[in-house]
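Accompanying notes for the structure given below.
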Amino acid sequence: MNAEDYWNVFLETGAPEAYLLYSAAAKTEGKHVSDDSGNRPQSVGLR
């Protein structure tokens, strides 16, 4: 599977492990994946 496949699994399931696999695959493919989860407005995120 490539990064896009893992991303689609994450979007369909919301499984955190799918995001971790996506992140690792994207970095291997040379794509930028932000590791800074705190750099967004407070209105964005879980409710």
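Computed from the coordinates by the stated procedures, all read-outs in this text should not be read as laboratory data. Bear in mind the structure is a predicted one, so any value in this text is a computation, not a measurement. With ideal geometry, Cβ positions are generated from the backbone for all residues, glycine too; neighbour counts draw on all protein chains shown.
Cβ-Cβ contacts under 6 Å between residues 6 or more apart (or on different chains), taken from a first residue in segment 1-23 that is crowded, with 17+ Cβ neighbours inside 10 Å to a second residue that is of a type in the set (Val, Ile, Thr), are listed as 18/9; 23/33.
Here is the figure for segment 7-21: residues that are within 16 Å of residue 31 (Cα to Cα) and touching a helix residue (DSSP H, G or I) at 6+ places or on another chain (Cβ under 6 Å) total 3.
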